[in-house]
Amino acid sequence: MSSNIQNYFMAQRWAKTQLAGTDIDPGAPQFLLQMRHGWDATHLLLHNCDQMPADEQAWFHQAIERLLKHEPAQYIAGKAPFYGRTFTVTPAVLIPESETAELVDWVLAELPDRPLKVLDLGTGSGVIGITLALERPQWQVTLSDVSPDALKVACQNVRRFGLDLPVVESNLFDGLAGQRFDVIVTNPPYIDPAATGIMDTAVLEYEPSLALFADEAGLGFYHRLFTQAGAHLMAEGQLFGETGFDQENSIQTLLQRCDRQAKIEKRHDVADKMRMIHVWDFSGAGGN
């Protein structure tokens, strides 16, 4: 880093010059400093004139170099905000996005504040299930994922928030045999592998492909889920899930093919793109 860098303001000004002319978020350097210190934007501003220690200057220089290689700032920091809290993240899990927070909003708005058994299926870092458990302490929330590395991150976040939640390694329902839930919530892989040409470089190069892509033009996970969900839901059990913006018609057609009895409600995000589904009345739900 330049020898002229002495304080946090100068460090941010230097970073701005390094990122100039790139497609990298210009707010990323500030985010990195905030996550490192636990500061909000106001506290970062209050510390602008403070001396930046030499070891932090070296870290910040390396962090900007990593940004220039399109590595997401959240992975560099090892942290990401979600629903007013800060979660641990690594390249083994997806970075939580605002659309997922909207899914959580929908679940909380639709379901009663009474004891429920809830499954966060494909939990990744655990942000959905942990947030639901914190917002609704009466709910009994289970976290599951096929990835052992993702579950390590989820366990870190469970401990981070002082919770005691079951964390289960499971390929769909394989590790949950015999269990039924009132609610299943999922942010599964739903991207068509043929769609890589329109995806951000940072997502393609750094986020886990296991959590991004599904076969059958992005609908493979939902195909298996719709076929099996009824056997793992209580009577009147419900499913909430995040979907691709281009799946509004195809996912409804798929559901009708897999379970003619089930009903579906679709919802757009704040950008008016199709992103979420709510499904209920699965055949087999509540059976023995």
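Amide H to amide H distances under 5 Å link Asn7 with Met52, where only residues 5 or more positions off or on other chains count and H is placed in the peptide plane. Rounded to the nearest whole Hz, the Karplus-based 3J(HN,Hα) values (6.51 cos²θ - 1.76 cosθ + 1.60, θ = phi - 60°) of the range 20-35 follow the sequence 4, x, 9, 9, 7, 3, x, x, 4, x, 5, 4, 4, 5, 5, 5, with x at glycine and proline.
Multiplying the residue separation of Leu134 and Arg267 by 0.36 nm and subtracting their alpha-carbon distance yields 45.5 nm. Just to confirm the number: angle between the C-alpha axis of helix 54-68 and the first principal axis of the chain, 0 to 90 degrees, nearest 10? Helix 54-68 sits roughly 50 degrees off the main axis of the chain.
Projecting the Cα atoms of His61, Thr100, Pro115 onto the charge dipole of the range 8-130, computed from C-beta unit charges around the Cα centre, puts His61 farthest toward the positive end.
Taking the C-alpha atoms only, the angle from helix 148-160 to the longest principal axis of the chain is near 70 degrees. Amide H contacts under 5 Å for Leu233: Phe181, Gly286, restricted to partners 5 or more places along the chain or on a different chain, H placed in the peptide plane at 1.01 Å from N.
The mean of 1/r over all distinct Cα pairs in the chain, once inverted, gives the Kirkwood hydrodynamic radius of 20.4 Å. Among the protein heavy atoms of the chain, carbon and sulfur supply 49% of the accessible surface, probe 1.4 Å, non-protein parts ignored. Counting only DSSP H runs of at least 4 residues, each contributing -39500 (n - 2.57), and dividing by the residue count of the chain, the helix-based mean residue ellipticity at 222 nm comes to -11500 deg cm²/dmol. Under a 5 Å amide H cut-off, with hydrogens placed 1.01 Å from N, Gln140 pairs with Leu116, Lys117, Val118 among residues at least 5 apart or on other chains.
Phi-derived couplings, Karplus 6.51 cos²θ - 1.76 cosθ + 1.60 at θ = phi - 60°, listed residue by residue for the range 39-52: 8, 8, 4, 5, 5, 4, 4, 5, 9, 3, 8, 6, 5, 8 Hz, with x used for Gly and Pro. Spatially, the range 141-163 and the range 22-55 are offset by 28 Å when compared through their Cα centroids.
Relative to the compact-globule scaling 2.2 N^0.38 Å, provide the ratio for the alpha-carbon radius of gyration of the range 227-288. Against the empirical 2.2 N^0.38 Å value, I get 1.15 for the range 227-288.
Accessible area per residue for the chain, computed on protein heavy atoms with a 1.4 Å probe, is 48 Å². Sequence-distant contacts, meaning Cα pairs under 8 Å at least 6 residues apart, place the relative contact order of the chain at 13 percent.
Could you work out the percent of alpha carbon pairs in the range 200-264 separated by over 17 Å, rounded to a whole number? Above the 17 Å cut-off, the range 200-264 has 47 percent of its Cα pairs.
Distance from the Cα centroid of the range 231-288 to that of the range 61-118 is 23 Å (rounded to whole angstrom). The reciprocal of the average 1/r between distinct C-alpha atoms defines the Kirkwood hydrodynamic radius, which for the range 129-272 equals 16.7 Å. Shown in residue order for the range 170-182 are the 3J(HN,Hα) couplings computed by the Karplus curve 6.51 cos²θ - 1.76 cosθ + 1.60 at θ = phi - 60°: 7, 8, 6, 9, 4, x, 10, 4, x, 9, 10, 10, 6 Hz (x for Gly and Pro). Think of each Lys and Arg Cβ as +1 and each Asp and Glu Cβ as -1; about the Cα centre, that makes the dipole of the chain roughly 420 debye.
The values are calculated or read from the model by the stated rules, or taken from the named source; none is laboratory data. Computed from a prediction, not measured in an experiment: that's the story for all the values here. We place every Cβ from the backbone using ideal geometry, glycine too, and count neighbours over all the protein chains shown. Side chains are part of the model used for accessible areas, which takes the heavy atoms of the whole protein and leaves out ligands, DNA and RNA. Shrake-Rupley method; radii C 1.70, N 1.55, O 1.52, S 1.80 Å.
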